[in-house]
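Any read-out appearing in this document is the output of simple, stated calculations on the displayed coordinates, not a laboratory observation. This structure is a prediction, so every number in the text was calculated from the model and none was measured. Don't worry about glycine lacking a Cβ; one is built from the backbone with ideal geometry, like all the others, and counts go over all protein chains shown.
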Amino acid sequence: MLLPRILSALIGIPLIILAVWLGGPALLALCALVMLLSLAEIRRMFRRLNLNIPFGLMLAGAALLLGSVYLYRDAGLAGAIAIIFFIFLLWFIFFYPKFNLIDMSVGLLAVSYVGLFVYVYLLRTLPDGWIWIVFMLAGTWVSDTAAFFVGKYFGRRRLARALSPGKTIEGAVGGAAGSFLVAAAFLSIYPFLPPAPLLALGLLLGLAAQAGDLVESAFKRQVGVKDAGDLIPGHGGMLDRFDSMLFTAPLVYYYVQKLII
């Protein structure tokens, strides 16, 4: 199990770093790919509950979010969300009862949830955006890895038994400690960064990563699957790999924007 995880990381991480380095359309394309595959996984999962969510409708919502951040950055998000909401309502009206209230609600939830990945793109648009997106990626990956190994070897007390029996309090503490150490490392590399806010962000990032992982676990528990998919060897599906970033990217974006720069 560990070897496929390592091999997948050795292939995937350089591609992500390249897209992050290039920024612009390359990074936007990466976000679009992750969102497309994640929405496909969500649709497959919720079809197990006999929910009929048109894939094209969800893709249209994702495209609106991506287009809005590309053209207007975060200023376009409110308008895009309003348009998506009205599109789903109109679809509900014209295709009822084939498309019912529960389908609409879950579809909106799916687009809003996966749509949080646009903050990965937005991080790159901040001043010194390269630093902040690498900080988010490194903090998230180290937090996930530390939580996995600390939980595996030292975990005793369950964190959320009903949602994810394998998660432990010790693992969560290890994850937060891992992201804190990433923040400390960034201070040594970039001494111009404010120490106290950055270290606090490191701790918060580790907690947000755990929350993001638990939310996806709740989705999987609801539909009765172990993994969202099988696209990435050793990791499961796209959502299984990027679930934490759906929480850590918005956190880092707004924290840096409001409290650091």
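Figures for the structure shown
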| item | result |
| --- | --- |
| Single condition SER105 does not satisfy, out of (1) among the small types (Gly, Ala, Ser); (2) touching a helix residue (DSSP H, G or I) at 6+ places or on another chain (Cβ under 7 Å); (3) surrounded by 14 or more Cβ atoms within 10 Å (Cβ to Cβ) | (2) |
| Answer residue from the stretch 88-107, given it is closer than 17 Å to ARG44 by Cα and in contact (Cβ under 8 Å) with a residue 40 or more places away in the chain and is farthest from the chain's Cα centre (by Cα) among those | PHE99 |
| Flag for ARG43 being more than 14 Å from LEU239 (Cβ to Cβ) and of a type in the set (Lys, Arg) | no |
| Count - residues of the stretch 93-124 that are within 15 Å of GLY56 (Cα to Cα) and either in contact with an Asp or Glu (Cβ under 8 Å, 6 or more places away or on another chain) or not in a helix (DSSP H, G or I) (or both) | 1 |
| Pairs with Cβ under 6 Å, 6+ apart, first in the stretch 161-187 and touching a residue at least 24 places away in the same chain (Cβ under 8 Å), second surrounded by fewer than 22 Cβ atoms within 10 Å (Cβ to Cβ) and among the β-branched types (Val, Ile, Thr) | GLY171/VAL150; GLY174/VAL150 |
| Residue among VAL223, VAL252 that alone is of a type in the set (Val, Ile, Thr) and either under 17 Å from PHE117 (Cα atoms) or out of contact with any helix residue (DSSP H, G or I) (no Cβ under 7 Å at 6 or more places or on another chain) (or both) | VAL252 |
| Any hit, the stretch 155-163, residues being of a type outside the set (A, V, I, L, M) and in a helix (DSSP H, G or I) | no |
| Qualifying residue in the stretch 234-241 (condition: on the phi > 0 side of the Ramachandran plot and surrounded by 17 or more Cβ atoms within 10 Å (Cβ to Cβ)) | yes |
